[in-house]
Amino acid sequence: MKIIVCVSCVPDTTTKPTFIENNSKLNEQGVQFIVNPYDEYSLARAVALRDANPGSKITVITVGEASTEQNIRKALAAGADEAIRINAKPINAQYVAKQIAHVLKEIGFDIIFTGKESIDYNGGITGNLIATELDIPYTHSVTSLEVSGNEAKMEREIEGGKEVVKSSLPMVLGSQKGIGEPIIPNMMGIAKARTKPLTVKEPIAVEIPTLLVTHELPKPKGAGKFFKAEGNVQDAVNQLIESLSKEAKTI
Amino acid sequence: MSVLVYLDSANGALRKTAYEAVAYATHLGQEVIALAIGNIENTQSLADMGKYGASKVYHINDEKLKTFANAAYASVIAQAAKELNCKTIVFSASSIGGVIAPRAAVKLNAGLLSDINVLPKVENGQLIVGKTVFSGKANATFSLSGEYNVISVRPNTVKPSETGSPVNVETLNISAGETDFRAVAEAILKTSDKISLTEADIIVSGGRGMKGPENFYLIENLAEVLGAAVGASRAAVDAGWRPHSQQVGQTGKTVSPTMYIAVGISGAIQHLAGMGTSKVIVAINKDPEAPIFKVADYGIIGDAFEVVPALTEALKAYKQKIS
Ligand SMILES: Cc1cc2nc3c(=O)[nH]c(=O)nc-3n(C[C@H](O)[C@H](O)[C@H](O)COP(=O)(O)OP(=O)(O)OC[C@H]3O[C@@H](n4cnc5c(N)ncnc54)[C@H](O)[C@@H]3O)c2cc1C
Ligand SMILES: Nc1ncnc2c1ncn2[C@@H]1O[C@H](COP(=O)(O)O)[C@@H](O)[C@H]1O
């Protein structure tokens with residue numbers, strides 16, 4: 001089975017973003033980049049799937065500049081067999097999807113893992129875009145995956161419950177927490193990762209009618225109204241209810 | 001030119017997010033055409049979309065489209081957009097609309113933005129839309145310049161209001177191709193949650209400060225009085241006290257309710273990522289230095305085990321008084 005895991009590299013979750021070039025770009029100075037958490041879940045499930053299906057191979061694929069290779073090596077250390085880096089700045093999901101679909105058409109695929117969303121621009125759409133470019137099915141927010149023969153059974157999160165989805169292969173899925181427990185690479189994995197193949201490919205020219213114009217930081221909130229319960233819980237509770245009914249008008 | 005709005009539905013009924021998508025579309029300053037797909041038991045609810053701003057409603061009720069298949073719905077909607085000459089297509093960024101939108105966008109070679117949470121503008125013929133990025137830590141503005149543009153709107157971004165009157169519902173005959181049904185929903189497993197987290201108007205969440213699963217009845221009782229959904233921090237989920245479907249935050253759900261009440265939650269940046277855009281934030285925490293108070297509009301500094309039962313009782317009395 002040809003297993004593909006799409007990996008995006010995103011600012012560490014504690015990053016406080018600032019912007020440059022007229023606020024059109026993230027200031028990457030001093031920002032630590034990590035493998036997108038959802039891609040770690042994917043990777044974990046992909047490794048188990050490969051191990052259960054002898055002869056299978058996991059290819060990690062990313063659209064990113066050379067600085068992403070550190071994180072790609074981490075994905076190899078966690079168990080992927082080879083990696084492809086498409087040498088371009090990931091401008092947006094549509095751009096990324098066209099690049100990845102183009103390469104996948106060359107190398108072939110059975111199951112393509114993406115994450116439910118990247119924690120930078122929170123698009124949650126790249127996987128579905130790749131699937132559509134390749135004209136294969138997509139299933140979003142997948143919490144469990146079972147594959148037998150040419151068919152997959154998945155559970156995906158929906159409002160107020162879960163949906164059971166049946167899909168034929170090849171397919172793309174967007175993984176959600178639950179599909180696999182992130183693998184922490186061990187020393188042997190890290191050593192092996194150094195010699196696993198990492199191929200760099202140049203991007204194709206594409207035009208996308210979506211443009212990020214500017215970023216801004218949210219306006220700081222005014223100081224809130226806080227009541228101390230110490231000594232008199234009842235008073236604090238009454239004051240809160242008064243505020244919520246008269247000012248906030250939420251009750 | 002008109003805007004096409006896809007109406008979310010499940011189990012034979014329109015969802016709250018369908019109304020919101022129509023309400024959002026009215027801000028684009030064009031005629032709003034609404035489209036429902038699959039079985040809708042209450043046909044009056046379709047006609048009633050006129051009240052919320054649609055001037056026409058179409059219904060595609062193909063037998064095969066009764067069960068949800070995002071690829072099939074996307075094909076049908078893309079065809080409808082062309083047929084009805086709609087250049088902008090609006091979806092809800094829900095588990096339904098949100099997974100149709102990208103697929104429809106590829107079919108229409110469209111500009112695309114997902115999970116929008118501010119009102120749109122049109123400048124020099126371009127659609128200007130915005131959303132929170134970096135999990136709530138910044139906002140970004142995008143311009144879409146495709147011949148077609150596809151957008152999805154985060155639940156709870158706009159409040160629908162009744163301004164018009166019911167309209168005619170017309171049947172549209174468009175069907176999907178065989179290959180659009182390679183992934184289909186087979187069954188729905190309900191969780192015990194009475195109200196879905198992402199659609200809830202009020203959410204009460206508990207964190208590690210609740211000390212154990214046996215104490216979450218306090219959160220549930222408070223939620224019950226408020227008609228609220230119950231959420232949790234990752235600490236509470238990882239400890240096995242609550243199911244992951246209730247986790248709010250970076251690796252859980254992103255919510256945007258009218259009021260979010262955080263009980264015994266410190267307000268770590270990854271938690272704020274999931275609820276920072278809530279309209280009113282209330283914190284109950286015994287530590288006055290907890291970061292949650294930096295984003296909270298109201299709060300009580302105190303022990304949750306004293307405050308929550310007192311608040312629940314007082315709210316009960318308040319609700320009785322005003323009803
Ligand atoms: C990659 C990544 C992703 C993450 N994703 C998420 C996510 O999606 N959602 C999420 O929530 N977290 C997430 N986290 C974890 C996050 O960093 C915090 O660890 C977590 O939110 C803490 O949960 P908490 O506030 O319940 O617990 P704590 O931080 O331990 O806070 C407990 C709070 O309860 C208060 N308290 C204690 N006893 C009482 C009492 N009797 N009465 C009142 N108050 C009391 C304390 O003062 C404290 O403020 C993520 C972390 C990482 C690294
Ligand atoms: N630059 C990228 N390179 C490879 N995969 C990506 C890239 N950006 C996004 N993805 C994949 O798409 C998923 C969803 O991303 P997004 O649509 O940006 O929220 C991620 O979890 C990745 O699996």
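Coordinate-derived values only; no laboratory data. Fair warning: this is a prediction, and the values are worked out from it, not measured in the lab. In this analysis, Cβ positions are derived from the backbone assuming ideal geometry, glycine residues included, and neighbour counts consider all displayed protein chains.
Taking A:Q70, A:Q234, A:Q94 in turn, the Gaussian network model of chain A (Cα-Cα springs below 10 Å) assigns the largest fluctuation to A:Q234.
Within chain B, the longest run free of exposed loop sites, counting trypsin sites (Lys or Arg not before Pro) that sit outside DSSP helix and strand states (H, G, I, E, B) and have at most 16 other Cβ atoms within 10 Å, spans B:1-193.
What is the sum of charges, Lys and Arg at +1 and Asp and Glu at -1, for the other residues whose Cβ falls under 13 Å from the Cβ of B:V308? Neighbour charge sum, excluding B:V308 itself: -2. Projected label points at B:N11 and B:D287, each 7 Å from Cα along the beta carbon direction, are separated by 4.0 nanometres. Ordering B:L14, A:L129, B:L189 by the number of other Cβ atoms within 10 Å of each residue's own Cβ, fewest first, gives B:L189, B:L14, A:L129. Projecting label points 7 angstrom from Cα along Cα→Cβ for B:D238 and A:K228 puts them 3.3 nm apart. Pick out which of A:M188, A:M154, A:M171 has the largest mean-square fluctuation in a Gaussian network model of chain A, springs linking Cα atoms closer than 10 Å. Looking only at A:M188, A:M154, A:M171, the largest GNM fluctuation is found for A:M188.
Relative to the longest principal axis of the Cα atoms of chain B, the long axis of helix B:217-226 lies at roughly 50 degrees.
Judged by the gyration tensor of its Cα atoms, with axes a ≥ b ≥ c, the range B:27-96 is oblate; a/c meets the 1.5 cut and b/c is at least as large as a/b. So if R0 is 35 Å, what FRET efficiency would A:K2 and A:I184 give, r being the distance between their Cβ atoms, rounded to the nearest 0.05? Approximately 0.85, to the nearest 0.05. Remark: the range A:57-96 projects, on average over all directions, an area of 2.9 nm² (convex hull of Cα atoms).
When the listed pairs A:K246/B:K316; A:K201/B:K87; A:K225/B:K319 are checked against a 27 Å cut-off, the alpha-carbon distance exceeds it for A:K201/B:K87.
For chain A, the equivalent ellipsoid built from the Cα gyration tensor has semi-axes of 38, 24, 19 Å, listed from largest to smallest. When you filter the GluC sites (Glu not before Pro) in the range B:70-169 for DSSP loop state and at most 10 other Cβ atoms inside 10 Å of their Cβ, you are left with B:E147.
Plainly put, the range B:141-209 has a radius of gyration that is 1.05 times its Kirkwood radius, both from alpha-carbon atoms, as the Rg/Rh ratio. Placing dummy labels 7 Å off each Cα toward the beta-carbon, the span from A:E242 to A:K57 is 7.2 nm. If I take all pairs of Cα atoms in the range B:86-140, what percentage of them are more than 15 Å from each other? The calculated P(r) of the range B:86-140 puts 54 percent of pairs beyond 15 Å.
Residues of the range B:68-93 with the amide nitrogen closer than 20 Å to a label point 7 Å from the Cα of B:E170, along Cα-to-Cβ, please. Once the point is set 7 Å along Cα→Cβ of B:E170, B:76-90 turn out to lie under 20 Å by backbone N, inside the range B:68-93.
Exposure here means at most 15 other Cβ atoms within 10 Å; with GluC sites (Glu not before Pro) in a DSSP loop as sites, the longest stretch of chain A lacking them is A:66-206. Which whole number in µm²/s is D for the range B:2-181 by Stokes-Einstein, with the Kirkwood Rh taken over Cα pairs at 25 °C and 0.890 mPa s? Approximately 154 µm²/s, per Stokes-Einstein.
Using only the Cα atoms of the range B:202-322, build the gyration tensor, take square roots of its eigenvalues as a ≥ b ≥ c, and label the shape rounded, prolate or oblate: rounded if a/c is under 1.5, else prolate if a/b is larger than b/c, else oblate. Cα axes put the range B:202-322 in the rounded bin. Hull volume per residue, based on the alpha-carbon atoms of the protein assembly as shown and their convex hull, is 156 Å³. For the pair A:R194 and A:I20 in one chain, pulling the backbone fully straight at 0.36 nm per residue adds 59.2 nm over the alpha carbon distance.
Result for chain A in a Gaussian network model with C-alpha springs under 10 Å: among A:N238, A:N150, A:N22, the largest mean-square fluctuation is at A:N238.
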